[in-house]
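The structure appears below as structure tokens.
The values are calculated or read from the model by the stated rules, or taken from the named source; none is laboratory data. Just so we're clear, the structure is a prediction, and the values are computed from it rather than from any experiment. Here Cβ is always computed from backbone atoms with ideal geometry, including for glycine, and neighbour counts include all displayed protein chains.
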Amino acid sequence: MTDLLRTRVLGQSPRRVDGPAKVTGTARYAGDQHVVDPAYAHLVQAEAARGVVTGVDVSAARAVDGVLAVLTPDDAPRLASTEDAELAAFQSHDVAFRGQVVAAVIASTREVAREAAALVRVEIDRQPHDAHLGTDRDDLYAPEKVNTGAETDTSRGDVATALAHSPFTLDQTYTTAWYNNNPMEPHTTTALWLDGDLALYESTQGVHTTREAMAKVFGLDPERVHVIAPHVGGGFGSKGTPHVHTVIAAMAARAVPGTPVKLALTRQQMFSLVGYRTPTIQRVRLGCDAAGRLASLEVDAVSQTSRIKEFAEQTAVPARMMYAAPNRRTTHRLAALDVPVPSWMRAPGECPGMFGPEVAMDELANACGIDPVEFRVRNEPDVEPESGKPFSSRNLVACLREGARRFGWEHRDPTPRARVESGWFVGTGVAASTYPVNRTPGSAATIRCTGPRRYLVRIGAADLGTGTWTSLAQVAADALGVDFADVELRIGDTASPKASVAGGSSGITSWGSTVVAAAEAFREEFGDDPAEGDEAGAEMPGNDAGDTYAMHAFGAQFAEVRVHVDTGEVRVPRLLGVFAVGRVVNPRLARSQLVGGMTMGLSMALHEHSVPDERFGHVVNHDFAEYHIATNSDVPHVEAHWVEEHDPHTNPMGTKGIGEIGIVGTAAAIVNAAHHATGVRVRDLPVTLDHFL
Amino acid sequence: MPFDYRRAPDPEGAVAAATGWPGVAFLAGGTNLVDHMKLGLAAPDVLVDISRLPLDTVAELPDGGLRIGATVRNADLAAHPVVRRDYPVLARALLSGASGQIRNLATTGGNLLQRTRCVYFQDLTTPCNKREPGTGCSAIGGYTRHHAILGASAHCVATHPSDMAVAMAALDAQVAVLGPAGRRVVPLVELHRLPGEEPHRDTVLSPSDLITSVDLPPLPPGTRSQYRKVRDRASFAFALVSVAAVLRVEDGVVRDARIALGGVAHKPWRARRAEDVLLGSPADEEVFRRAIDAELAGAAPLEGNGFKVPLTRNLAVSALRELSREER
């Protein structure tokens, strides 16, 4: 148990400190950084999903005025490490997926680079490829572990017998689509070499994780790699681990000694080079008694990975902790395909993994004739079902009740297809949300007194637009017992002490704990009246509460859905979420995070769908005209609220992380509402109008 | 690729500048052409900039019709008081297209000549008969959600993406064209081609033909019109199906019916068979349904876009129902 920080600034809503720079266009992102006379790189991608590069003709490209160098598998320098196959640019002639980078042109302007890249002729000896994901495959395999190190399969009790004896059962298959992260700011690197040191202005969720990866790839002492990322225009997981363009930008800068190189991916390139969420196929089997108590719960999840690098989405993991059931079983199976490398995206595991089960819960509640809010309440576990650990705090029921009250759920007629208004079927639905309290070890911070009532706090944390510049300074102010205005925070630079990646909603938990420890060290050493120049630091302290407690955030989402009687068009006029996420650091920023997550959930439910064409092996709708993301017109009203939650176990701030939980459960709530509106049960995302014709 | 850029002083000069260059393109709003140049989809040798030509006015004609200059911006046309008053089908079609920013740039002529958004056409790495004749059609057997159910061929199943053109097709618009041989008028419904064996030819125009204006004939008093568009999100998306309907009902009998469909064919699809059923028939739901079914009897959906048949039927009937209700 931790003594929670006494709050003065925590819980207040100071405005974003980086706001004025962003709205005036003066905030410098990776591609905006001023460097002297940069060159520009543009990538050439494989047009086959599998094969061997047998020849790269660069003569036409080199002949273009302004072309400085061309990198190909034939002559690119060898890298020190090719352990991460995704980063092994030009180290082999093998083509493992369509869109793999097979050459790069470096030129004096962006336009010349792009023009010349189109003139590079790549000969590929094509081999038959396989990009089909389906449960009909006979080569699905069980990975050793799934993401976050979780067990691949789990089993408790006897699900088959329990299911056979249950008066109410469900056995359905649900699918989520292929999604691409698509932050507004494309992945961009500005690279330069100075006396053997590599400097990168990088759009990344973690400057130190980029440093470590690049140091390994190039065989450098990590101290000789400098990564700077003061502002990041969204990442959603796709900037959480380095991708190949960063390596290529550094190789390109080395190919033109003394010249910095800028490399920005095009939107189309982002669909094959920076990760994506694998499609998932989820078979859910549930059995319950007449009172709606689950006797059996099974989730079998199938997803894809690339042949060259395994990524095992932990789709069935949330089913292990969500509801009570004495008999339970989860499995994960993968298909290794000739496809781009999948990676982290917006609540990996929980986001897809709470779709199938939360729709299944709705279906089974309906079958039993029990209200879906009440159905969930009846299956609330006393302890975390699979681990047997008590929860550090669990307020799902409070979220469901508070959400139902705010949404006006009590007046709901449960009959499907019973309400038509002005030519639209109207329905409402609910689903639960959850996300683990993740903490990533390895951060450090320093605090220095820079003058009377002035404190400089340094840590290599990241702000992806989430508000770290503001919220982490709030933590520091309370940890030091000073005013918000007294703190100057410095993040986004490897010149600051090492920080963990901004991922898994772990930022404030990890960096905040570290800053609190540094402040304690500082106050212990220098008291309340330090002198200018006094400095102290600390590493992130351990927290063994996780050995004792299961720590998760929870939420409940309610949706109103309208489906047009004639055309099947689907609209979501109202979304309401109530969350239990521990203490809220900055309500203004927290609301923005939660509303943003729910909006992404709506977008996933109705619109987003990367369409892979198995014949070619790539996503064919690879731009914003065709890959639809919700527009303002699609999102008329989204409300996010939270319940008071005091959790003394998670960390000194009592926070749980809010970056990702907002997207979890939204799609299920919308599907459930669409069923209530129309009587049509959609089990495959996205929920498009053709389901209702 | 490097290209020559010329600015024409007048329409005749533009055509003269373009004549004799097979790789010529007229540049107006650039909302489609410039994208295509970036994608490598278009590589004109010569760009003739017509954006400053004096073709940017909307004028009322003596017969009560309207003449729309080729470079009138979509946003301006949608906001024009006469368009809003007399041709609501056109104003609504324009406003349902693209985004505010794009409508501010896009022109009347350019809107008509925009090319299909078929993902395979726009992707240089996949075969496409429209882009490279003889290479094959990747959409057949692929992602067909936005593809044709009417009038397609074994060589191409692409759709024309314009909303404006669908409204104009229903309004019997006439397109004025200036070419090397002089002026001519092409009915809008004959401007775009069906793909047949030459899907690379979108329209009947040659590269040096310049659209100078579009005329809308007057609508008789009592005529109602409207545009209904269905798409995969509430804004900024191309039509899955759209319907432009112009209807005049007198004493419960249909006296004029002009219907054009968008999102279903290689061109704005004038539903003549439906119109034949409607004309002289009672304006009731059964007739509307029979009319559109007559049109859709020729539909040949692809694997993956069969939903467009019931969607078109429901949307067209719904549009006609509303127009006939307004009449009462």
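Summary table below
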{"quantity": "Pick from the stretch A:650-668, criterion among the small types (G, A, S) and touching a Phe, Trp or Tyr at 6+ places or on another chain (Cβ under 6 Å), ranking: farthest from the other protein chains (Cβ to nearest Cβ)", "calculated": "A:A668"}
{"quantity": "Condition check for A:D463: surrounded by fewer than 20 Cβ atoms within 10 Å (Cβ to Cβ), outside the structural domain of A:N586 (by TED's automatic domain parsing) and among the charged types (D, E, K, R)", "calculated": "no"}
{"quantity": "Only listed residue being surrounded by fewer than 24 Cβ atoms within 10 Å (Cβ to Cβ), in a helix (DSSP H, G or I) and within 14 Å of chain B (Cβ to nearest Cβ), chosen from A:D690, A:D623", "calculated": "A:D690"}
{"quantity": "Residues that are closer than 13 Å to B:V264 by Cα and at the interface with chain A (Cβ under 9 Å from one of its Cβ atoms), drawn from the stretch B:314-325", "calculated": "B:L315"}
{"quantity": "Neighbours by Cβ (under 6 Å, 6+ apart or cross-chain): first from the stretch A:127-144, under 20 Å from A:R50 (Cα atoms); second not in a loop (DSSP other than H, G, I, E, B)", "calculated": "A:Q127/A:G51; A:D130/A:L337; A:A131/A:L337; A:L133/A:Q304; A:L133/A:A335; A:R137/A:A335; A:L140/A:R333; A:L140/A:A335"}
{"quantity": "Sole exception among (1) at the interface with another protein chain (Cβ under 10 Å from one of its Cβ atoms); (2) over 26 Å from A:N672 (Cβ atoms); (3) of a type in the set (A, V, I, L, M, F, W, C) for A:V584, by number", "calculated": "(1)"}
{"quantity": "First in the stretch A:383-406 and among the charged types (D, E, K, R), second anywhere and surrounded by 19 or more Cβ atoms within 10 Å (Cβ to Cβ) and in a helix (DSSP H, G or I), Cβ under 9 Å, 6 or more apart", "calculated": "A:E384/A:R320; A:E386/A:R320; A:R401/A:V373"}
{"quantity": "Residues (farther than 30 Å from A:G349 by Cα and either assigned to a loop (DSSP other than H, G, I, E, B) or in contact with a helix residue (DSSP H, G or I) (Cβ under 6 Å, 6 or more places away or on another chain) (or both)) located in the stretch A:246-261", "calculated": "A:V256, A:P257, A:G258, A:T259, A:P260, A:V261"}
{"quantity": "Segments classed as strands (runs of 3 or more DSSP E), wholly inside the stretch A:484-569, with at least 3 members that are more than 14 Å from chain B (Cβ to nearest Cβ) and over 27 Å from A:G234 (Cβ atoms)", "calculated": "A:535-539"}
{"quantity": "Filter pass, B:T144 being in contact (Cβ under 8 Å) with a residue 60 or more places away in the chain, assigned to a loop (DSSP other than H, G, I, E, B) and either within 12 Å of chain A (Cβ to nearest Cβ) or under 13 Å from the mean Cα position of the chain (by Cα) (or both)", "calculated": "yes"}
{"quantity": "Yes/no for A:V475 being aliphatic (A, V, I, L, M), within 20 Å of A:L10 (Cα to Cα) and outside the structural domain of A:L575 (by TED's automatic domain parsing)", "calculated": "yes"}
{"quantity": "Subset of the stretch A:418-435 that is under 20 Å from A:I661 (Cβ atoms) and out of contact with any His (no Cβ under 6 Å at 6 or more places or on another chain) - its residue that is surrounded by the most Cβ atoms within 10 Å (Cβ to Cβ)", "calculated": "A:S433"}
{"quantity": "Tally, over the stretch A:504-534, of residues that are closer than 15 Å to A:A479 by Cβ, buried (at least 16 other Cβ atoms within 10 Å of the Cβ) and of a type outside the set (K, R)", "calculated": "16"}
{"quantity": "Any hit, the stretch A:279-295, residues being under 31 Å from the mean Cα position of the chain (by Cα), over 22 Å from A:S238 (Cα atoms) and of a type in the set (D, E)", "calculated": "no"}
{"quantity": "Pick from the stretch A:626-644, criterion charged (D, E, K, R) and out of contact with any Ser or Thr (no Cβ under 9 Å at 6 or more places or on another chain), ranking: nearest to the other protein chains (Cβ to nearest Cβ)", "calculated": "A:E626"}
{"quantity": "Residue satisfying condition, being surrounded by fewer than 24 Cβ atoms within 10 Å (Cβ to Cβ), assigned by TED's automatic domain parsing to the domain that holds A:K656 and of a type in the set (S, T, N, Q), within set A:T415, A:T446", "calculated": "A:T415"}
{"quantity": "Residue tally, condition hydrophobic (A, V, I, L, M, F, W, C), surrounded by fewer than 20 Cβ atoms within 10 Å (Cβ to Cβ) and away from every other protein chain (no Cβ under 14 Å), over the stretch B:1-23", "calculated": "2"}
{"quantity": "Restricting the stretch A:109-149 to residues that are surrounded by fewer than 17 Cβ atoms within 10 Å (Cβ to Cβ) and in a strand (DSSP E or B), the residue that is nearest to the chain's Cα centre (by Cα)", "calculated": "A:Y141"}
{"quantity": "Selected residue (only one of A:R346, A:R285 is at pLDDT 95 or above, surrounded by fewer than 23 Cβ atoms within 10 Å (Cβ to Cβ), closer than 29 Å to A:A677 by Cα and basic (K, R))", "calculated": "A:R285"}
{"quantity": "Residue match in the stretch B:301-313 (condition: assigned to a loop (DSSP other than H, G, I, E, B), away from chain A (no Cβ under 12 Å) and modelled with pLDDT under 95)", "calculated": "no"}
{"quantity": "Boolean, A:D647 is of a type outside the set (A, V, I, L, M, F, W, C), buried (at least 20 other Cβ atoms within 10 Å of the Cβ) and more than 10 Å from chain B (Cβ to nearest Cβ)", "calculated": "yes"}
{"quantity": "Filter result for A:M604 (within 14 Å of chain B (Cβ to nearest Cβ), modelled with pLDDT of 95 or more, under 30 Å from A:S510 (Cβ atoms) and crowded, with 24+ Cβ neighbours inside 10 Å)", "calculated": "yes"}
{"quantity": "Output for the stretch B:115-130, where each listed residue is part of a loop (DSSP other than H, G, I, E, B), more than 9 Å from every other protein chain (Cβ to nearest Cβ) and surrounded by 22 or more Cβ atoms within 10 Å (Cβ to Cβ)", "calculated": "B:T116, B:C118, B:F121, B:N129, B:K130"}
{"quantity": "Residue match in the stretch A:280-288 (condition: of a type in the set (S, T, N, Q), in contact (Cβ under 8 Å) with a residue 60 or more places away in the chain and not in a loop (DSSP other than H, G, I, E, B))", "calculated": "yes"}
{"quantity": "Residue among A:A418, A:A445, A:A461 that alone is touching a Phe, Trp or Tyr at 6+ places or on another chain (Cβ under 8 Å), free of Cβ contacts under 8 Å to residues at least 60 places away in the same chain and at negative phi", "calculated": "A:A461"}
{"quantity": "Hey, A:G292 in contact (Cβ under 8 Å) with a residue 12 or more places away in the chain and in a strand (DSSP E or B) or not", "calculated": "no"}
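Condition check ((1) hydroxyl-bearing (S, T, Y); (2) at pLDDT below 95) across all residues:
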| residue | (1), (2) |
| --- | --- |
| B:G29 | no, no |
| B:G40 | no, yes |
| B:I50 | no, no |
| B:V58 | no, no |
| B:L90 | no, no |
| B:Q101 | no, no |
| B:T107 | yes, no |
| B:T126 | yes, no |
